[in-house]
Each structure stands twice: as C-alpha cells, then as structure tokens.
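These notes are about the structure you will find just below.
Nothing in this text is a laboratory measurement; each read-out follows from the coordinates by a stated rule. Keep in mind that what you see is a predicted model, and the values were worked out from it rather than measured. Methodologically, a virtual Cβ is constructed for each residue, glycine included, from the backbone with ideal geometry; neighbour enumeration extends over all protein chains shown.
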Ligand code: BDR
Ligand code: CA
C-alpha cells in the first residue's frame with residue numbers, strides 16, 4: 001500500500017484524482033495539503049475538507065501557501081473550475097472538522113520524519129508547499145520515497161502559454177526548486193495528460209452507478225462544468241475533459257502504462273517563456289551553460305501513455 005500525501009488545489013480534476021485515490025485499495029491518503037492555484041488556498045482547504053468528509057473520510061487537511069514563492073500573485077480563473085473550484089455547486093451540506101493547525105509544509109516535514117522513506121508525495125497544484133517544505137527541511141528528499149507531480153510539458157504545447165503548463169507557471173520558482181532538489185521525482189505533464197480524454201458521460205454514469213451518493217453527485221456536477229469549459233475551448237474533444245491530475249495516481253499504481261525518459265529539467269523563470277519546463281533530453285550531456293551541469297538531479301519524465309489502459313483502470 002502506498003502512503004500518500006496529496007498536495008492539491010481542488011479544482012475539478014484534483015477532485016477526480018482524490019476520489020480515484022480514496023477508492024483504490026493500494027493507496028492510503030494520510031493527508032491532504034492545499035495550495036492556491038485553481039482557487040484561493042482558503043477555498044482549496046475548504047474543498048479538501050468537504051470532498052473528504054462527504055465521502056466519510058477523516059483525513060487530515062493542512063492549509064498551505066497562499067501566494068507563489070517569488071512571482072506576483074494572480075487571480076484564480078473561475079471559468080475553468082468555477083469560483084468555488086467545484087463547478088459552482090448550488091449548495092453544500094455542513095461537514096464536521098477543521099484544518100490542521102500545522103501548515104502544509106510543516107505537515108509534510110513532520111510526516112516525512114515520522115515515516116522516513118515511506119511517503120509518496122503526489123503534487124497536483126502549484127508547488128509552493130514543496131518549496132516551503134524543502135526550505136524547512138533540506139534533507140526532505142532523503143526522507144521521501146518519491147514525488148509524483150502533475151507539471152509541465154516537453155513536446156506538447158502549454159496550456160497557459162505556448163510553452164507553459166499551469167502548475168509550473170503559477171509558481172515557477174517553487175517548481176524549479178522541486179526539479180533541482182534531488183529526490184526521486186516523476187513528472188506527469190501535458191505530454192501524457194493531453195492524451196487521456198474523459199467523456200462527461202462517464203461521470204454521469206458514475207453518479208448513477210453509486211445511486212446518487214452525495215460525493216459522486218458533487219463530482220459529477222463539477223465534471224460537467226469542467227467539460228463545458230473544454231467544449232468551448234477544445235470543441236474537437238466533444239463534451240469531455242483531460243484527466244490531468246488523476247494521471248499522477250495512475251502512475252503511482254500502474255507505472256508500466258507510461259513511457260518515460262530521464263533528464264535534467266529546469267524552469268524558465270522570467271520573460272515571455274516563463275513557466276516553461278526545459279528538459280535535457282540527451283540525459284546527461286555536458287553543456288556549457290551554467291545550470292545544466294552533468295551532476296544535477298534528473299527527473300523521470302512521462303513522454304507517452306497507453307491512454308486506453310489508463311481509462312479502463314480509471315473506470316474500474
Ligand atoms: C493543472 O492545472 C490545474 O488547472 C489542474 O488542476 C491541473 O493540476 C493542469 O495544467
Ligand atoms: Ca490541480
């Protein structure tokens with residue numbers, strides 16, 4: 001069983017990922033840490049509590065970074081995930097419980113120390129909490145089993161600019177810290193998430209299958225809103241959405257569905273290309289440019305995915 005801390009900005013596809021993880025027998029989510037991104041961090045924390053409580057799970061939720069490490073803060077784009085991050089739910093039931101008194105970074109460090117070498121950090125929002133945790137505990141990469149991040153892109157065009165993916169673009173400095181920290185790091189980016197298209201009908205069927213359990217109805221509502229956005233943005237997909245965040249958990253339990261390549265990854269920190277993930281695809285050439293020294297840590301980058309197998313695993 002994989003012990004996981006889920007670092008997230010829920011967010012519709014974040015919610016899909018969380019429910020996939022909670023339903024999977026080989027995944028134990030020991031904590032949810034939240035960040036700004038798709039919504040404010042306050043909303044992300046409220047959503048983490050809400051999503052876990054309405055499916056009957058008392059998982060600790062620790063609130064994290066409200067703003068990027070260095071970049072000026074922006075405003076969450078309500079038209080993609082809704083102003084509330086869950087497709088503008090018409091109402092919410094009251095749920096018990098509150099966020100931990102520890103910050104997300106403190107929670108990550110405390111858990112890593114309590115379970116050295118056992119924790120997989122699955123990070124699917126901007127990476128401010130990982131950046132802060134690395135500053136708190138520079139030895140963190142040795143304590144964490146692996147980091148699987150929904151981040152970046154190598155060949156596929158970006159989704160906030162021609163070259164940048166949203167989670168990296170939202171906090172490029174934090175992302176670059178994560179890429180250079182030297183842990184066992186897997187990047188699940190647009191090169192694979194744009195291959196896995198989930199039809200809106202899938203979520204309707206899921207809600208029906210679970211006889212309209214509140215959690216599945218909530219997910220279905222959020223998913224329909226998300227698919228509406230994609231229908232405007234990418235009519236070629238039909239009424240459907242990309243799986244993005246859910247693929248991190250698919251990688252966790254079924255890495256054999258992905259083709260990967262190892263190489264040093266860095267982030268462009270300024271200018272028109274800011275937030276771009278640049279990968280040394282030669283995997284260890286000696287470049288003259290500072291920042292690309294041979295000894296620098298490598299990232300395992302997902303380049304291709306068996307989309308059909310992925311979808312059937314998600315539907316199980
Ligand atoms: C990523 O950005 C967010 O909008 C999604 O939740 C996902 O984590 C995709 O670029
Ligand atoms: Ca996300």
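Here are a few things to note about the model shown:
- Size descriptors for the range 35-89: radius of gyration and Dmax over Cα atoms are 12.1, 37 Å.
- Each DSSP beta bridge with both residues in the range 162-316 is either parallel or antiparallel, and the antiparallel ones are about 85%.
- Pairwise centroid distance, computed over Cα atoms, of the range 87-118 with the range 189-244, Å: 25 Å
- Ordering of 38-45, 209-216, 236-243 by packing [mean C-beta count within 10 Å, highest first]: 38-45, 236-243, 209-216
- Prolate/oblate/rounded label for the range 259-316 (Cα gyration tensor, a/c 1.5): oblate
- Using alpha-carbon coordinates, inclination of helix 41-54 to the longest axis of the chain, degrees: 50 degrees
- Rounded Å value of the spacing that divides the Cα centres of the range 129-180 and the range 1-34: 18 Å
- Residue ranges 106-114, 24-32 sort as 106-114, 24-32 when ordered by packing (mean number of other C-beta atoms within 10 Å per residue, highest first).
- Most tightly packed first, judged by the mean number of other beta-carbon atoms within 10 Å of their residues, the peptides 6-14, 304-312 read 6-14, 304-312.
- Kirkwood hydrodynamic radius (C-alpha pairs) into Stokes-Einstein, the range 40-173, 25 °C and 0.890 mPa s, D in µm²/s: 150 µm²/s
- Scattering curve values for the range 25-117, log₁₀ I(q)/I(0), Debye with Cα scatterers, q = 0.12, 0.13, 0.19 Å⁻¹: -0.43, -0.50, -0.98
- Global geometry of the range 141-195, whether rounded, prolate or oblate, following the gyration tensor of its Cα atoms and the 1.5 cut on a/c: oblate
- Antiparallel bridge percentage (DSSP; both residues within the chain; nearest 5): 35 percent
- Using a cutoff of 8 angstrom between alpha carbon atoms and counting only pairs six or more residues apart, the relative contact order for the range 223-316 works out to 26 percent.
- Percentage of interatomic Cα-Cα distances in the range 126-282 larger than 21 Å: 53 percent
- Looking at the range 226-316 alone, DSSP beta bridges between its own residues are antiparallel in about 100 percent of cases.
- 0 to 90° range, to nearest 10: angle between helix 214-233 axis and the chain longest Cα axis: 60 degrees
- Whole-number D in µm²/s for the range 211-316 (Stokes-Einstein; Kirkwood sum over Cα pairs; 10 °C, 1.306 mPa s): 93 µm²/s
- Relative to the longest principal axis of the Cα atoms of the chain, the long axis of helix 104-114 makes an angle of roughly 80 degrees.
- Distribution of pairwise C-alpha distances over the chain, 10 Å bins, in %: 6, 29, 39, 21, 4, 0, 0
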